[in-house]
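Here is the structure we will look at, set down as structure tokens.
Bear in mind that the values in this text are calculations on the coordinates, not laboratory data. Please read all numbers here as calculations on a predicted model, not as lab measurements. Here the Cβ positions follow ideal geometry from the backbone for every residue, glycine too, while neighbour counts run over all protein chains shown.
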Amino acid sequence: MDLDALPHRTLAIVRGTDREAALRTVLTLAQEGITAVEVSLTTHDAPWVIERARHELGADAVLGAGTVVTAEDAARAAAAGAGFLVTPGLGGALRPGDLGELPLLIGALTPSEVIAARQHGALAVKLFPASLGGPGFLKALRDPFPAVPFVPVGGIDADLALAYLAAGAVAVGVGSPLIGDAARGGDLAALRARAAHWRDRLAGTAAAA
């Protein structure tokens, strides 16, 4: 999984109460060029959504599972065809080695948590909830951790995405500002319009230094 090569440097986060709507959302995003997608395991029947999306999009699609909090979650997601795993944080039931062999984006907020995430083998650190500190906090974290790839998540619209990328994020994770109510059965035409706006605003963004 090459974070530097994510289209529009965006990881879309799909979380919904309707499995069919969630699947349609993933496929619609792909059609609109937002091709890197995380399906949260809080989504109704998330493994089914991942399995069907993998079947439709193919083996090379950047499709993963989010809200992974136990080893069992990781195993279910991998069996369904997830290509990467995203956790909201560490601790509790998660120990080194519990998450298997898939690339990991591990949630962290503080410097100590960033260190722990890397010790757990994180490909990148999911800065979460990014809204607590904003782009300035990410910029401050980049000083002691210049080699850590950060993916801010939480309350990020297109304008904030540009600010985070300018502050050194390798990519951003975006949920409701992009997805809206689509994964709950909402309007797919509105989702397409939001995706087009997102693409236009982030066009031409370059990989973090």
Fill in the blank from the handout: Farthest towards the positive end of the dipole of the chain, among Thr35, Leu178, Thr87 and with Cβ unit charges of +1 on Lys and Arg and -1 on Asp and Glu, lies the Cα of Leu178
Exercise for the section: Rank-order 163-175, 48-60 by packing density, defined as the average count of other C-beta atoms within 10 Å over each peptide's residues, highest first. Expected result: 163-175, 48-60
Fill in the blank from the handout: The alpha-carbon center of the stretch 172-191 and that of the stretch 105-170 are separated, in whole Å, by 23 Å
Practice task
Project the alpha carbons of the stretch 71-181 onto their principal axes and report the range along each, largest first, in whole Å.
Solution key: 37, 36, 21
Completion exercise
With x for Gly and Pro, the residue-by-residue ³J(HN,Hα) of the stretch 47-53, computed from phi through the Karplus equation 6.51 cos²θ - 1.76 cosθ + 1.60 at θ = phi - 60° and given in whole Hz, is x, 5, 4, 5, 4, 5, 5
Problem - Cα→Cβ-extended label distance, 7 Å offset, between Ala140 and Ile115, nm - result: 1.8 nm
Problem - Size of charge dipole - the stretch 1-136 - debye, nearest 20, with Cβ of Lys, Arg +1 and Asp, Glu -1, no other charges - result: 220 debye
Completion exercise
Here FRET efficiency (C-beta to C-beta, Ala193 to Ala166, R₀ 30 Å, nearest 0.05) is 0.75
Exercise for the section: Starting at the first residue of the stretch 165-179, write each ³J(HN,Hα) from the Karplus equation 6.51 cos²θ - 1.76 cosθ + 1.60 with θ = phi - 60°, in whole Hz, x for Gly and Pro. Expected result: 5, 5, 7, x, 5, 7, 6, 10, x, 10, x, 4, x, 9, 6
Handout entry: Peptide ranges 27-33, 39-45 listed from the most packed, as the mean C-beta count within 10 angstrom indicates
Key = 39-45, 27-33
